[in-house]
1. Can you give me the number of residues within the range 31-41 that are small (G, A, S) and either modelled with pLDDT under 95 or more than 10 Å from ligand 2 (Cβ to nearest atom) (or both)?
2. Just checking, how many residues over the range 32-68 are among the β-branched types (V, I, T) and assigned to a loop (DSSP other than H, G, I, E, B)?
Amino acid sequence: MKSSKILFVVAALISASFAFAADAAKDAAPHKGKCCVKAEKEGKTCAHECCVAAAKEHKNCEKCGGTNAPAAAKH
Ligand SMILES: [Zn+2]
Ligand SMILES: [Zn+2]
Ligand SMILES: [Zn+2]
C-alpha cells in the first residue's frame, strides 16, 4: 500500500502549511500604508485625504495598503 503512505505524507504537508499560514496571519501586526510609512520617515504625516481620514479614526489607511487589527480581536 505505497500509495496510501504517499497520500498520508501529502495530507500532513498540506495541513502543516495551513497551520503555518494561520499562524502567520495571527502574527501579522497591523501596519501603515507605504505612503504613510514614507511620510513618517521624513518626519511628516501623510497628506493623503484617505489616510488623514483613517488616522482620525485611529486606523491605518486600507486604501493605501495599510492593515488594521480585526475588530473582533478587541473586546
Ligand atoms: Zn498615507
Ligand atoms: Zn490612504
Ligand atoms: Zn496613500
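1. Of the residues in that region, 1 qualify.
2. First, the residues of the range 32-68 that are among the β-branched types (V, I, T): 37, 45, 52, 67.
Remaining after also requiring assigned to a loop (DSSP other than H, G, I, E, B): 45, 67.
So the count comes out to 2.
Condition check ((1) at pLDDT below 95; (2) of a type outside the set (A, V, I, L, M); (3) away from ligand 3 (no atom under 16 Å from the Cβ); (4) surrounded by 10 or more Cβ atoms within 10 Å (Cβ to Cβ)) across all residues:
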residue	(1), (2), (3), (4)
S3	yes, yes, yes, no
V10	yes, no, yes, yes
A25	yes, no, yes, no
A29	yes, no, yes, no
G43	no, yes, yes, no
C46	no, yes, no, yes
E57	no, yes, no, no
G65	no, yes, no, yes
A73	yes, no, yes, no
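The values are calculated or read from the model by the stated rules, or taken from the named source; none is laboratory data. Just so we're clear, the structure is a prediction, and the values are computed from it rather than from any experiment. Glycine gets a Cβ as well: all are built from the backbone with ideal geometry, and neighbour counts include every protein chain shown.
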